[in-house]
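The values are calculated or read from the model by the stated rules, or taken from the named source; none is laboratory data. Just so you know, these numbers come straight off a predicted model, no measurement behind them. So basically every Cβ, Gly included, is an ideal-geometry build from the backbone, and we count neighbours across all protein chains shown.
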Amino acid sequence: MKVPRPPRGFRDFPPDRMILRKRLFSVLEETFQKYGFDPIDTPAVEYWETLAGKYGEEAENRLIWRFQDPWSGREYALRYDLTVPLARFIANHRDLPMPFKRYHIGPVWRHEEPQRGRYREFYQCDADIVGSPYPEADAEIIELTIDALKALGFKTGFKVRLNDRRLLRGIFEQELELSNPLPVYRAIDKLDKIGLDGVVGELRKINLEENKIEKIKNIISIKGTSDEILDSVLSKYKNNKLIVEAVDHLRTIVELVDMDEYVEIDMSLVRGLDYYTGPIVEVVLERPRIGSVAGGGRYDTLIGMFIGQDIPATGVSIGIERIIDAGIELGIYSLSKKTLTEAQVIVLDRNHYDYAWQVTRRLRKAGLNTRIDLSRASHRVQRRKAQRLGIKYLVFIGEKEAVNRKVTIYDTETGDRWEVELDHIDKIFHK
């Protein structure tokens, strides 16, 4: 009989994986809360028209999970990210105090071809600031992102790539006079996957002139420390209003963040989604080469698509799935923890199961995550199971313990063994 498996791009998570994931989610929540962000949640399913027209041609034609309700005939979609649902949320909660700072950790779905670091169902961990048009908000998002990576164990070995959509618009749309820049942006966005020659090939497919292709190659090759790049761009395009605005905004961001060891201006960064309007950011690891592990930017017109009035917003999405995969590969994370159980009651004599049940209750009351045998297995089997799971405390209950109202405790990590009166368990283990 063939055992069913999850669909491609979807995964089961056994306890060791879930223990790690939940710990990392907690680390991120603590970081978000430290910066004054509060949690929200939104439905997994949105009306199709809510998502339509927000992401771009590739996402909407191929990547969004879209379906029709067979009873009502109405079209729905699984959420593609957490940003458009946030925009819809803001449109429905206009009384929120601004700036509004929220974080959201939840699953999203994309109909991608599964590969390393890329799944069809995965979690995003987002932090956004709604209501501030100023570079201080963008700087705080970048500092939060750097702090989050550090808290997750990546002290070094990553770069925060920074650019601005206004720079791109000023250079590509105005200086190079591209009438339709979106295909160019999408080609550049594939640079890490297909390389510079691949990008050139994509640009030729859209019949771009060779002289413009050469200029684009030169532009997207520019990256480095903020001062040298911004000064160079400003001197070359000082009469372009969009570019001047972008340079001023970026300069304030990097001055506030003041972390040149992490942040660099990278003119090849475009971010593929259509809703970005200003600074854009992406975090990449030096190794392994697994793609970006965080990304985001400013999207000042997205909320206005729902309410007819623009509200400035900026944010970041931390890709916890790739971070976990990279952390395991680099040895930053371990899957050695198999259970959250801290104590296992070993029943030596089934005649005293009632007493063992009392002991279990007292251990739980004292704050210990405690298991008791539910399969009536021998004490040897109970010990083997506990050992395989790496449970720290084995609490033995036999005739001697039951008669004297005591327990025998064995610490598997230190090898210590001691007897304790049942009435004193709370004092020893109470958390």
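Mind counting the residues in segment 51-67 that are free of Cβ contacts under 8 Å to residues at least 60 places away in the same chain and of a type outside the set (Asp, Glu)?
Total meeting the criteria: 9.
So which residues in segment 302-316 are over 17 Å from ARG165 (Cβ atoms) and of a type outside the set (Val, Ile, Thr)?
Those that are over 17 Å from ARG165 (Cβ atoms) and of a type outside the set (Val, Ile, Thr): PHE306, GLY308, GLN309.
Please specify each residue of segment 99-130 satisfying the condition of being more than 26 Å from VAL27 (Cα to Cα) and either part of a loop (DSSP other than H, G, I, E, B) or modelled with pLDDT of 95 or more (or both).
Passing the criteria: HIS111, GLU112, GLU113, PRO114.
Within segment 172-184, can you find the residues that are closer than 15 Å to ASN218 by Cα and either without any contact (Cβ under 8 Å) to a residue 24 or more places away in the chain or of a type outside the set (Asp, Glu) (or both)?
Across segment 172-184, the qualifying residues are PHE172, LEU176, VAL184.
From ILE206, ILE213, ILE194, ILE219, which residue is within 15 Å of ILE265 (Cβ to Cβ) and in contact with a helix residue (DSSP H, G or I) (Cβ under 9 Å, 6 or more places away or on another chain)?
On inspection, the qualifying residue turns out to be ILE219.
If I go through segment 250-300 residue by residue, how many of them are surrounded by fewer than 16 Cβ atoms within 10 Å (Cβ to Cβ) and assigned to a loop (DSSP other than H, G, I, E, B)?
8
Table: residues versus (1) in contact with a strand residue (DSSP E or B) (Cβ under 9 Å, 6 or more places away or on another chain); (2) under 30 Å from LEU149 (Cα atoms).
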| position | (1), (2) |
| --- | --- |
| LYS338 | no, yes |
| LEU348 | yes, no |
| LEU374 | no, no |
| HIS379 | yes, no |
| ALA386 | yes, no |
| TYR410 | yes, no |
| GLU421 | yes, no |
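Can GLU286 be described as touching a strand residue (DSSP E or B) at 6+ places or on another chain (Cβ under 9 Å) and more than 28 Å from GLU329 (Cα to Cα)?
Judged against the criteria, GLU286 is not a match.
Restricting segment 185-213 to residues that are in contact (Cβ under 8 Å) with a residue 40 or more places away in the chain and in contact with a Lys or Arg (Cβ under 9 Å, 6 or more places away or on another chain), which is surrounded by the fewest Cβ atoms within 10 Å (Cβ to Cβ)?
Looking at residues that are in contact (Cβ under 8 Å) with a residue 40 or more places away in the chain and in contact with a Lys or Arg (Cβ under 9 Å, 6 or more places away or on another chain), I get ASP192.
Taking the condition of being β-branched (Val, Ile, Thr) and in contact with a Ser or Thr (Cβ under 6 Å, 6 or more places away or on another chain), how many residues in segment 104-140 meet it?
Total satisfying the criteria: 1.
Residues that are surrounded by 14 or more Cβ atoms within 10 Å (Cβ to Cβ), in the same structural domain as LEU144 (by TED's automatic domain parsing) and modelled with pLDDT under 95: list the helices (runs of 4 or more DSSP H) wholly contained in segment 310-402 that include at least 2 such residues.
Passing ranges, in order: 320-330.
Determine which single condition ILE409 fails, assuming it passes every other condition in (1) over 30 Å from LYS155 (Cα atoms); (2) among the β-branched types (Val, Ile, Thr); (3) surrounded by fewer than 16 Cβ atoms within 10 Å (Cβ to Cβ).
Tallying (1) over 30 Å from LYS155 (Cα atoms); (2) among the β-branched types (Val, Ile, Thr); (3) surrounded by fewer than 16 Cβ atoms within 10 Å (Cβ to Cβ), ILE409 fails exactly one: (3).
Yes or no, residue by residue, for (1) in contact with a Lys or Arg (Cβ under 8 Å, 6 or more places away or on another chain); (2) hydroxyl-bearing (Ser, Thr, Tyr); (3) free of Cβ contacts under 8 Å to residues at least 40 places away in the same chain:
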| position | (1), (2), (3) |
| --- | --- |
| ILE222 | no, no, no |
| ASP231 | no, no, yes |
| TYR237 | no, yes, no |
| LEU242 | yes, no, no |
| GLU255 | no, no, yes |
| VAL263 | yes, no, no |
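Quickly run through segment 306-361 and pick out the residues that are of a type in the set (D, E, K, R) and touching a residue at least 40 places away in the same chain (Cβ under 8 Å).
Within segment 306-361, GLU321, ARG322, ASP325, GLU329, LYS337, LYS338, GLU342, ASP349 meet the criteria.
Does ILE280 satisfy the criteria of being assigned by TED's automatic domain parsing to the domain that holds GLY153, at pLDDT 95 or above and either basic (Lys, Arg) or within 28 Å of GLN174 (Cβ to Cβ) (or both)?
It is true that ILE280 is assigned by TED's automatic domain parsing to the domain that holds GLY153, at pLDDT 95 or above and either basic (Lys, Arg) or within 28 Å of GLN174 (Cβ to Cβ) (or both).
What are the residues in segment 154-184 that are assigned to a loop (DSSP other than H, G, I, E, B) and surrounded by 15 or more Cβ atoms within 10 Å (Cβ to Cβ), if any?
PHE154, LEU176, LEU178, PRO181
So LYS150 passes all but one of these: (1) in contact (Cβ under 8 Å) with a residue 24 or more places away in the chain; (2) surrounded by fewer than 18 Cβ atoms within 10 Å (Cβ to Cβ). Which condition number does it fail?
(1)
Residues of segment 208-240 being modelled with pLDDT of 80 or more, among the β-branched types (Val, Ile, Thr) and within 32 Å of the chain's Cα centre (by Cα), which ones?
Answer for segment 208-240, where residues must be modelled with pLDDT of 80 or more, among the β-branched types (Val, Ile, Thr) and within 32 Å of the chain's Cα centre (by Cα): ILE216, ILE219, ILE220, ILE222, ILE229.
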